[in-house]
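Below is one structure, written out as structure tokens; the observations come after it.
Nothing in this text is a laboratory measurement; each read-out follows from the coordinates by a stated rule. Predicted, not measured: the structure shown is a model, and the values here were computed from it. Quick reminder, even Gly has a Cβ in these numbers, built from the backbone with ideal geometry, and neighbours come from all protein chains shown.
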Amino acid sequence: MNYVVDAESKGKRLDIFLMENVENVTRSYIKNMIDGGKVLLNGKIVKAGYTLKENDKIEVEKIEPKELKIEAKKMDLDIMYEDDDIIVINKEKGVVVHPRKW
């Protein structure tokens, strides 16, 4: 993916610009891509906090989404409160609530 910074985006941080323009990625994923040299600005590696200038050219290596394989695990839940609208669960440390895409 290639981008050219316009006047409206001038002055933004590189990571913020990419968050606004690349779909389905987190800011930490963007930062890891920048730190890993997968994002070039005018052909060079820069830091996530780089302040963009008008006409800067940004090259982002193609992002290949990983297939998310989620399997439910049967477990006893410590239900602290439950009614028709809400449930409060005391979950064990380490139990994943929101799996990550990347």
What is the total of Lys pairs in segment 2-60 with C-alpha atoms under 12 Å apart, excluding same-chain pairs fewer than 8 positions apart? 6
Once you have the Cα-Cα distance between GLU92 and ASN24, take 0.36 nm times their residue separation minus that, and quote the gain in nm to one decimal. 21.6 nm
Can you list, bin by bin at 10 Å, the percent of alpha carbon pairs in the chain, starting at 0? 13, 34, 18, 16, 15, 4
Only helices counted: for the chain, with every DSSP H run of 4 or more residues adding -39500 (n - 2.57) and the sum spread over all residues, [θ] at 222 nm is -4500 deg cm²/dmol
Arrange the peptides 83-92, 19-28 so that the one whose residues have, on average, the most other Cβ atoms within 10 Å appears first. 19-28, 83-92
